Every structure is written in structure tokens, then in C-alpha cells.
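Working notes, beginning with the structure itself.
Coordinate-derived values only; no laboratory data. Remember, predicted model here, so these are calculated numbers, not experimental data. Here the Cβ positions follow ideal geometry from the backbone for every residue, glycine too, while neighbour counts run over all protein chains shown.
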Protein chains: 2
Amino acid sequence: MTDEPSMSQPAFELHPQLAADTFVVGELPLSRLLLMNDHRFPWCILVPRRQELRDLHELDATESADLFAEIRRVSLRLLALGHVDKLNVAALGNRVPQLHVHVVARRTNDAAWPGPVWGSGPAQPYAPAEVKTLLTNLRTALHLG
Amino acid sequence: MTDEPSMSQPAFELHPQLAADTFVVGELPLSRLLLMNDHRFPWCILVPRRQELRDLHELDATESADLFAEIRRVSLRLLALGHVDKLNVAALGNRVPQLHVHVVARRTNDAAWPGPVWGSGPAQPYAPAEVKTLLTNLRTALHLG
């Protein structure tokens, strides 16, 4: 894996809106793994490190297999947090035109259930100690740094 | 491919809510392809014919590759309808506990933009002639019956 720029593959740069809304958990083989700064939902975002992609179908077969494996890996980790009733997986990108995939752990008593998390009101940022614990948990379990 | 019941694989049955809300477009190798009866959005739903799945990560590697290929196939077909600004792909299932994947063609002037289609108000059913034309278009282009 490489994020080096080349003639055919421009350097990856995270969209500033994603950077502003999230914490970086670490780098998976294909994607940068982010944690949404909204303590209402355990909410990860996978961003394949390909600079000019917008839609899921633009990934080739190898990349899509890698992405699916990363979705599974993150899904299982979120389930392991406990008290998860449903996972929501989505590539929307109406507001942020860089391909990214949400993996959200949903609970039947969460702030948006049974509606979608998008458009469910303003994010409620984590307290510093809370997000530190969660990031450590995710990084350790996913073997990321 | 088989939908025959066996000891290990119970017969596939479409969830009644999905049956009520959609038209059947046809059968892809893994999934039944549906068209949501909401003329505000060109909106397909892929339902892998596996009876007891709820979440995306429960598919094995072969099934997930098949599903990804079908998402791509349907995405390209929706793009070919014209005037599509963005695709939304999502496995939510908070209300309907049978694994299904939405593939929705979005336009920047549609009824929910830039919000998600889920929770954007009641569906507006197609006129019979309109849906007949669209179903024929999809079946022909996707080589379904």
C-alpha cells in the first residue's frame, strides 16, 4: 500500500469537512478510518485513500473487496462495544463529494431510532476522556498503532 | 444459483413490508431487484436471497463480491437514466429486519436533497404508465426477463 503521489494516482487528501467532524482512528489497507465526533452514536467512517472517487461503483473489484473486508472488520468491532441492535452502512456523500462509507452502531433507544442518523440534529461532541477511551479501544482491537 | 430450501439454507421469502412498498424488477445472481414505488426518486433495492441475514457483514466474501457487482450494475443503470447528480447506497434496515441495500439516484433538485431519502415524507406512488415504462427500461437494460 502506498499513499505516494504518482502520475496516475494523485496524493490522497482528506476532505476538510470530514477532517473537521471526526477523529482519525488509523489507516486500514485501503481506507483511513475515522470516528465521528458525535457521542450519540458509535459512528465510524471509512475513506478509501483514492483522491478522485465519489461513488461506490467507481472502485474496481479488488478495491471493493478490500472495502467490504474493512466494513466487516469495523462492523464486528462496533458490535463488540456491546448494546448494539443494528448496524447502518451507507455511502451517501450528498454534502461531501469524497467517497466515504458510514458504519454506524444503532440502538433502539438512540437519539434517531428508527430514523437515519443523517439529519437527526446537531452532533454532540465527545468529552475528551470519553473519546480517548473509545479511540484506544478501537485502535487496540483493530491493531492500529 | 438456487432458491430451493435445504437443510442449511431456508427458502427465501421477501419481507412483506418490502413487497408492499416496491415492484419486482427481476432476479440478479444473488439478489432480488426491486423498484421503490416512489416517483420522487429513481430508487432500487437489492435483497440478497438469503433468508436469515440482517446485516451486511453477515455475507461471506463470495456473496459480498456478488453484491458489490450487483450494486455497480444497478448504479450504472440508474446513472444511464440521465440527470443523476449522486448515488446513495445504503444498508439500513432499522424498520425492516431483512438485509436489503438501497441504491438511489439523487438529483440536486429532488424532494430531499441534500438530506437522505429515508424520512423525507410519504412516498408518492408512480402512475401506472410511468412505472411500466421504467420497469421495461430497467429489465431490458439489465437483461432481466
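Key figures for this structure:
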item	result
Cβ-vector label at 7 Å, B:PRO16, separations to other copies in nm	5.3
Minimum Cβ-to-axis distance in chain B for the rotation onto chain A, with residue, whole Å	B:ALA90, 2
Length released on extending from B:VAL24 to B:ALA111, taking residue separation times 0.36 nm less the Cα-Cα span	28.9 nm
With eigenvalues of the C-alpha gyration tensor scaled by 5 and rooted, segment B:56-116, Å	24, 16, 7
Qualifying trypsin sites (Lys or Arg not before Pro) in segment A:1-104, DSSP loop, other Cβ atoms within 10 Å at most 12	A:ARG95
P(r), alpha carbons of chain A - 5 Å bins starting at zero, rounded %	2, 9, 19, 24, 21, 15, 7, 3, 1, 0
Estimated dipole of chain B in Debye, rounded to 20 [Cβ of Lys and Arg +1, of Asp and Glu -1, Cα centre]	560 debye
Local net charge near A:LEU67, Cβ-Cβ under 13 Å (Lys/Arg +1, Asp/Glu -1)	0
Cα centre as origin, Lys/Arg/Asp/Glu Cβ charges: segment B:39-115 dipole, Debye	380 debye
Extension reserve of the B:GLU58-B:GLU13 stretch, reckoned as 0.36 nm per residue once the Cα distance is removed	14.4 nm
Phi-based couplings in Hz for segment A:11-18 (Karplus 6.51, -1.76, 1.60; Gly and Pro marked x)	4, 6, 9, 5, 4, x, 5, 5
Ranked list, fewest to most other Cβ atoms within 10 Å of each Cβ, for B:SER120, A:SER64	B:SER120, A:SER64
For the protein assembly as shown, average projected area of the Cα convex hull in nm²	16.3 nm²
Acute angle (nearest 10 degrees) that the helix B:128-141 long axis makes with the longest principal axis of chain B, alpha-carbon atoms	60 degrees
Cβ neighbours within 10 Å from other chains - mean over A:130-143	0
Distribution of pairwise C-alpha distances over segment B:96-145, 5 Å bins, in %	4, 14, 14, 22, 24, 17, 4
